[in-house]
Ligand SMILES: C[S@@+](CC[C@H](N)C(=O)[O-])C[C@H]1O[C@@H](n2cnc3c(N)ncnc32)[C@H](O)[C@@H]1O
């Protein structure tokens, strides 16, 4: 076999430099724009899977929050919409909205609101709950995983007016003392989440001067 030509030797010498240059070369600007414009991946934003609150627990959550005609109720991670729809239909709340990361659940919830003739007061949006302005709410309900609760506590305490109520199903906000804790039987939950009761935590947003330090 003939020995390496001058060109081969030159290539062998330059190859490591070419590899380093390729790795550090600026990315094509079209590709950068495409990446920046790509919509966020909903699955990456998800902070809890879907599990519906049983209907009688929904009623207890809204009772605990003392929902009435003056209230605007927001459910963060609204699933099939049952909390906000019940707030308006059963408790006479003046309105509300829900947000969910799953557009199919949002479509279902809006269809249910229309079927129940409350679509003029209740709407559902496909949106990350952390990108949602909740300042219009007087009552917020949540049924989310513990990993989301510290960040959510800070958001709620920053955005909600003093006296607004927050009810959380099963998971407490860290370093925020609940005003009341209620435990009720909920055998329907056993198959889905492995527990057969619901623990409900009620919080009231303090006056602004009391919010920091906690
Ligand atoms: C345990 S389910 C509760 C559903 C409903 N609130 C109820 O109590 O029946 C949690 C919901 O939060 C939604 N979710 C999870 N992460 C979210 C996020 N980052 N933004 C909005 N919704 C989210 C899920 O799609 C799911 O429907």
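Structure summary
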item: Flag for residue 82 being within 23 Å of residue 182 (Cα to Cα) and either modelled with pLDDT under 60 or in contact with a helix residue (DSSP H, G or I) (Cβ under 8 Å, 6 or more places away or on another chain) (or both); result: yes
item: Residue check for residue 66: outside any helix (DSSP H, G or I), out of contact with any strand residue (DSSP E or B) (no Cβ under 9 Å at 6 or more places or on another chain) and modelled with pLDDT of 95 or more; result: no
item: Of residues in the stretch 44-56 being more than 8 Å from the ligand (Cβ to nearest atom) and in contact (Cβ under 8 Å) with a residue 12 or more places away in the chain, the one surrounded by the most Cβ atoms within 10 Å (Cβ to Cβ); result: 54
item: Restricting the stretch 129-139 to residues that are within 11 Å of the ligand (Cβ to nearest atom) and either free of Cβ contacts under 8 Å to residues at least 12 places away in the same chain or buried (at least 18 other Cβ atoms within 10 Å of the Cβ) (or both), the residue that is farthest from the chain's Cα centre (by Cα); result: 131
item: Residue 97 being under 23 Å from residue 132 (Cα atoms), out of contact with any helix residue (DSSP H, G or I) (no Cβ under 9 Å at 6 or more places or on another chain), at pLDDT 90 or above and outside any loop (DSSP other than H, G, I, E, B); result: no
item: Residue match in the stretch 100-121 (condition: under 18 Å from residue 168 (Cα atoms), in the same structural domain as residue 187 (by TED's automatic domain parsing) and within 10 Å of the ligand (Cβ to nearest atom)); result: yes
item: Exclusive hit being within 6 Å of the ligand (Cβ to nearest atom) and surrounded by 18 or more Cβ atoms within 10 Å (Cβ to Cβ), set 83, 64; result: 83
item: Flag for residue 107 being at pLDDT 95 or above and part of a loop (DSSP other than H, G, I, E, B); result: no
item: Filter pass, residue 142 being within 17 Å of residue 61 (Cα to Cα) and in contact (Cβ under 8 Å) with a residue 60 or more places away in the chain; result: yes
item: Test for residue 91: is it in contact with a strand residue (DSSP E or B) (Cβ under 9 Å, 6 or more places away or on another chain) and in a loop (DSSP other than H, G, I, E, B); result: yes
item: Subset of the stretch 67-80 (residues that are more than 7 Å from the ligand (Cβ to nearest atom) and either closer than 15 Å to residue 136 by Cα or buried (at least 23 other Cβ atoms within 10 Å of the Cβ) (or both)); result: 67, 69, 70, 71, 72, 73, 74
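For every residue, the table says whether it meets (1) more than 23 Å from the chain's Cα centre (by Cα); (2) free of Cβ contacts under 8 Å to residues at least 40 places away in the same chain.
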{"residue": "174", "(1), (2)": "no, yes"}
{"residue": "192", "(1), (2)": "no, no"}
{"residue": "201", "(1), (2)": "no, yes"}
{"residue": "204", "(1), (2)": "no, no"}
{"residue": "207", "(1), (2)": "yes, no"}
{"residue": "210", "(1), (2)": "yes, yes"}
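The values are calculated or read from the model by the stated rules, or taken from the named source; none is laboratory data. Bear in mind that the values here come from a model prediction, so they are computed numbers and not experimental data. Please note: Cβ atoms are built from the backbone with ideal geometry, for glycine as well, and neighbour counts cover all protein chains shown.
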